[in-house]
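Worksheet: the structure to be examined is printed underneath.
No lab work stands behind these numbers, since they all come straight from the coordinates. Everything quoted here is computed from the prediction, not taken from an experiment. With ideal geometry, Cβ positions are generated from the backbone for all residues, glycine too; neighbour counts draw on all protein chains shown.
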Amino acid sequence: MESCKVYVDVTAEFTKEGVLTPKSIRWEDGIIYEITRVKDCRRAASMKAGGVGMRYTCVIEGQDKYLFYEDNNMWFVEGRAGA
Amino acid sequence: MGRTILHSDINCCYASIEHLYHPELAGKPLAVGGDPEARHGIVLTADYLAKKKGVKTGMALWQAKQVCPELNFISPRMDLYLRFSRMAHEIYGEYTDLQEPYGIDESWLDVTASSTIKGDGEKIALEISNRMKSELGITVSIGVSFNKIFAKLGSDFKKPDGITTMHEDEFRTKAWQLPVSDLLYVGRSANQKLARFGIKTIGDLAKTDEGLLESQLGKMGGILWAFANGFDDSPVKVENTHAPIKSIGNSTTTPRDLENDEDVKLVLYILAESVAARLRENGFKCRVVEISVRDNELMSFTRQHKINNATNITGEIAAEAYRIFKENYDWRKPIRSVGVRGADLVNDNYWEQIDLFQSVELREKQMKMDGAVDDIRRQFGFYSIQRGLMYRDRILSKVNAKEDHTVHPHGYFG
């Protein structure tokens, strides 16, 4: 299985309570996808991409997508193999 | 009242973590160890696929390759494993404040007091096991019992990803049929002695006369007899001050030979910065500073010195390393590589007598300063803040500190 860890640029918001919420991601091809809602946020492992971090369940274009925030301060998504 | 003790053991710890970070190796045998490119070193951990083929911990890499030619080697990344160990302790910490680490990958938990909120031992074990899987992507084996010895025995019973109970009404059937060598502290030599008396299982040991065991094995005989009968009442030690690893060191081969004290001082400071930062990151302090020196004809030596107060202050470690160097090198030859190591590690719980003539305030200030430097570097990168000393020689100050660690679990009685 190909590793499918794709690091992405993320625009995020910090509230004054210290809560971090991703707002949009920029995919490899430069297209920016708005995150309309964050349904869940928890620590989780990504068995597909390989890694551990805070996992945000984001609604992007009506679909649930996982966005991971690793403790190296980088964001990644689980892309399709070969994507 | 009976206690509820859990022993949780991360299955093939290093190998599992590497599998998580290398999804492309799924279904392929993997071993963590040595330096595959330098073609030396030993296997630290093998995954279950490799173990099935006969790869064992401690094997030389070339031996492992012989029994399992398709084996994938990965160099150890100890800082990553320590991070996982910390995350595991965070999870355990939500069930009890009484936890005692045993090495990097094992831990005892006393969950007696948590049962009213979190449920009984098995329920807690199941919850921990599920959380480890979903949050860390690794599996654990957990033993549930009324004492530490049987809890450990339980966690060894079913691997990987098993939960085994050893309750007071069960251990006579479950534990007693196991070979006596499964018991903690029955090593090869004790096992041989016991075998001579026909003691093969833990049950045999339990039913043997205590006096006979003591006459053969000394004090340990009595202890093992008590273990086998479930009389282990040792507490889960929260005040445990052992660090799960033995030492943290960095070494480097310099881009040009070192020719005077100034050169060495600069490199020792770089190495000490890295060692101290890694100690701080893991919440450790060292009580011994060690240096290693190799000259340009490859003659090498190491020297170490015990320091008065456990420390992770960069300045103290660097100054001590330099002092040891000055005392031990006569500059007959230029130097090719040096290393700094912090050993005899203790963790944040460590307490000690403070020195009357040393300013506690000053040390606290230095710790805060180091913490601030760590913060800056985390945010803006390593080279964003540096010592003035580094400007003495911009080539030497760019050297790359190479990590290396020594791991070993501390003893049960320690």
Quiz item: What are the aspartates and glutamates whose alpha-carbon lies under 15 Å from the alpha-carbon of residue B:28, with same-chain residues fewer than 8 places away excluded?
Solution: A:2, B:18, B:47, B:70
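Counting only other residues whose beta carbon sits under 15 Å from that of residue B:130, what net charge do I get with K and R as +1, D and E as -1? Before the final figure, lay out each step's value.
Values: positive: A:42, A:43, B:118, B:123, B:131, B:133; negative: B:94, B:122, B:127, B:135, B:161.
Around residue B:130, the surrounding residues sum to +1.
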Quiz item: Given B:76, B:5, B:379, which one lies farthest toward the positive end of the charge dipole of chain B, if we put +1 on the Cβ of every Lys and Arg and -1 on the Cβ of every Asp and Glu?
Solution: B:76
Quiz item: How much length, in nm to one decimal, is gained on full extension between residue B:355 and residue B:169, taken as 0.36 nm per residue of separation minus their Cα-Cα distance?
Solution: 61.7 nm
Quiz item: Just how far, in whole angstrom, is region A:53-82 from region B:241-259 if you go by their alpha carbon centroids?
Solution: 37 Å
Exercise. Using label points projected 7 Å from each Cα along Cα→Cβ, tell me how many nm separate residue A:72 and residue B:394, to one decimal.
Key: 2.8 nm
Quiz item: Within region B:204-244, what residues put their amide N at less than 20 Å from the label point 7 Å along the Cα-to-Cβ vector of residue B:113?
Solution: B:233-241
Quiz prompt | In Hz, Karplus ³J(HN,Hα) per residue of region B:19-24 (6.51, -1.76, 1.60; θ = phi - 60°; x = Gly, Pro) | solution = 4, 4, 7, 10, x, 5
Quiz item: Non-local amide H neighbours of residue B:163 (under 5 Å, H modeled in plane, Pro and chain starts lacking H): which ones?
Solution: B:142
Quiz item: Quick one: in region B:1-167, what % of C-alpha pairs are over 20 Å apart?
Solution: 52 percent
Exercise. Tabulate in residue order the Karplus-calculated ³J(HN,Hα) for region B:160-176, using 6.51 cos²θ - 1.76 cosθ + 1.60 with θ = phi - 60°, rounded to whole Hz; enter x for Gly and Pro.
Key: x, 6, x, 10, 10, 9, 9, 6, 4, 8, 10, 5, 5, 8, 7, 7, 5
Quiz item: Magnitude of the Cβ-charge dipole of chain A, K/R +1 and D/E -1, about the Cα centre, nearest 20 debye?
Solution: 260 debye
Quiz prompt | Chain lengthening between residue B:372 and residue B:246 when straightened (0.36 nm per residue, less Cα-Cα) | solution = 42.7 nm
Quiz item: Tell me, what ³J(HN,Hα) does each residue in region B:338-343 have, in order and in whole Hz, if you take phi through Karplus 6.51 cos²θ - 1.76 cosθ + 1.60 with θ = phi - 60° and put x for Gly and Pro?
Solution: 9, x, 10, 9, x, 10
Quiz item: Taking a point 7 angstrom from the Cα of residue B:212 along the C-beta vector, which residues in region B:150-189 have backbone N less than 16 Å away?
Solution: B:180
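If I take every Cα pair under 8 Å that is 6 or more residues apart in chain B, average their sequence separation and divide by the length, what percent do I get for the relative contact order? Mind showing how you got there, number by number?
On the way: 743 pairs, mean separation 60.4, N = 414.
Normalised by residue count, the contact order of chain B is 15 percent.
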Practice problem: Just grab the label-to-label distance for residue B:127 and residue B:386, each label 7 Å out from Cα along the Cβ direction, in nm (one decimal). | Solution: 5.1 nm
Quiz item: Using the alpha-carbon atoms, what tilt in degrees (0 to 90, nearest 10) does helix B:261-281 show relative to the longest principal axis of chain B?
Solution: 30 degrees
Self-check item: Residues in region B:219-234 that a label on residue B:195 would reach, taking backbone N under 15 Å of a point 7 Å out along Cα→Cβ
Solution: none
Quiz item: If you put +1 on each Lys and Arg Cβ and -1 on each Asp and Glu Cβ, how big is the dipole of chain B around its Cα centre, in Debye rounded to 20?
Solution: 1060 debye
Quiz item: Long-range amide H contacts for residue B:45: which residues qualify at under 5 Å (H placed 1.01 Å from N, peptide plane, sequence gap of 5 or more or a different chain)?
Solution: B:32
Quiz item: So how many Lys-Lys pairs in region B:113-218 land under 22 Å Cα to Cα, not counting same-chain pairs under 8 apart?
Solution: 26
Exercise. Extending each Cα 7 Å along its Cβ direction at residue B:308 and residue B:161, get the distance between those two points in nm, one decimal.
Key: 5.5 nm
